[in-house]
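The values are calculated or read from the model by the stated rules, or taken from the named source; none is laboratory data. Keep in mind it's a predicted model, so treat the numbers as computed, not measured. Neighbour counts run over all protein chains shown; Cβ positions are idealised from the backbone, glycine included. Note: accessible area is taken over every heavy atom of the protein model, side chains too, but ligands, DNA and RNA are not part of it. Shrake-Rupley method; radii C 1.70, N 1.55, O 1.52, S 1.80 Å.
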Amino acid sequence: MINTVSVAIITRNRDKSLRRCLTSLKKQTYKATEIILIDNASSDRTKNVALLFKDVLPIRYIHEECIGIPYARNRAITEAKGEILAFIDDDCEATSTWISEMVKAHERYTKAAAIQGKTLSQPRRSVFSKIYELNY
């Protein structure tokens with residue numbers, strides 16, 4: 001049985017989309033043990049947005065000076081304390097059962113090293129979204 005889940009968000013200068021992402025994590029039916037917010041050297045209000053959610057989410061704000069997704073992801077892996085580490089992009093909004101579905105999948109496929117959930121691109125009516133959905 002899985003008891004702890006770390007959620008990692010890597011962000012850089014996307015404070016508006018980050019706010020939507022964090023709002024969706026607030027609505028989870030299965031609560032994360034921690035939300036690791038890796039700020040990849042932002043110059044906008046990213047830190048302020050993170051602090052707005054400090055009272056309602058278990059956020060750990062971490063400033064990563066080395067710019068680049070590999071640096072930020074490796075930092076998240078190093079910092080995570082949960083049995084599962086679930087990554088979500090800063091411009092994504094999780095369904096309310098996103099974490100619980102991740103836990104179920106990991107409990108069902110115990111030997112899996114990584115699991116990817118279904119994603120829906122926004123805006124839903126764009127050509128890219130339609131092509132993606134036809135293939136999956």
Selection status of Ile9, in contact (Cβ under 8 Å) with a residue 60 or more places away in the chain and in contact with a His (Cβ under 8 Å, 6 or more places away or on another chain): no
Considering only residues that are hydrophobic (A, V, I, L, M, F, W, C) and surrounded by fewer than 17 Cβ atoms within 10 Å (Cβ to Cβ), look in region 88-120 and name the one that is nearest to Gln28 (Cα to Cα). Ala105
Name the single residue, out of those in region 53-87 being without any contact (Cβ under 8 Å) to a residue 24 or more places away in the chain and closer than 19 Å to Gln28 by Cα, that is nearest to the chain's Cα centre (by Cα). Lys54
With the checklist (1) out of contact with any Pro (no Cβ under 8 Å at 6 or more places or on another chain); (2) surrounded by 16 or more Cβ atoms within 10 Å (Cβ to Cβ); (3) β-branched (Val, Ile, Thr) in hand, flag the one item Ile77 doesn't pass. (2)
Extreme residue, nearest to Phe87 (Cα to Cα), among residues of region 15-27 that are surrounded by fewer than 19 Cβ atoms within 10 Å (Cβ to Cβ) and out of contact with any Ser or Thr (no Cβ under 6 Å at 6 or more places or on another chain): Ser24
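So which of Ala50, Ala32 is surrounded by 15 or more Cβ atoms within 10 Å (Cβ to Cβ), touching a residue at least 12 places away in the same chain (Cβ under 8 Å), touching a helix residue (DSSP H, G or I) at 6+ places or on another chain (Cβ under 9 Å) and closer than 19 Å to Ile115 by Cβ? First the steps, then the outcome.
On the way: Ala50 fails: closer than 19 Å to Ile115 by Cβ.
Of Ala50, Ala32, the one residue that is surrounded by 15 or more Cβ atoms within 10 Å (Cβ to Cβ), touching a residue at least 12 places away in the same chain (Cβ under 8 Å), touching a helix residue (DSSP H, G or I) at 6+ places or on another chain (Cβ under 9 Å) and closer than 19 Å to Ile115 by Cβ is Ala32.
Take the residues of region 1-13 that are open to solvent by 30 Å² or more (accessible area, probe 1.4 Å) and at pLDDT 95 or above: which is farthest from Ala41 (Cα to Cα)? Before you say what the answer is, go through the steps one by one.
Here is the first cut: in region 1-13, the ones open to solvent by 30 Å² or more (accessible area, probe 1.4 Å) are 1, 3-4, 10, 12-13.
Next cut, at pLDDT 95 or above only: 4, 10, 12-13.
Details: Thr4: 28, Ile10: 10, Arg12: 6, Asn13: 8 Å.
Filtering region 1-13 for residues that are open to solvent by 30 Å² or more (accessible area, probe 1.4 Å) and at pLDDT 95 or above, the one farthest from Ala41 (Cα to Cα) comes out as Thr4.
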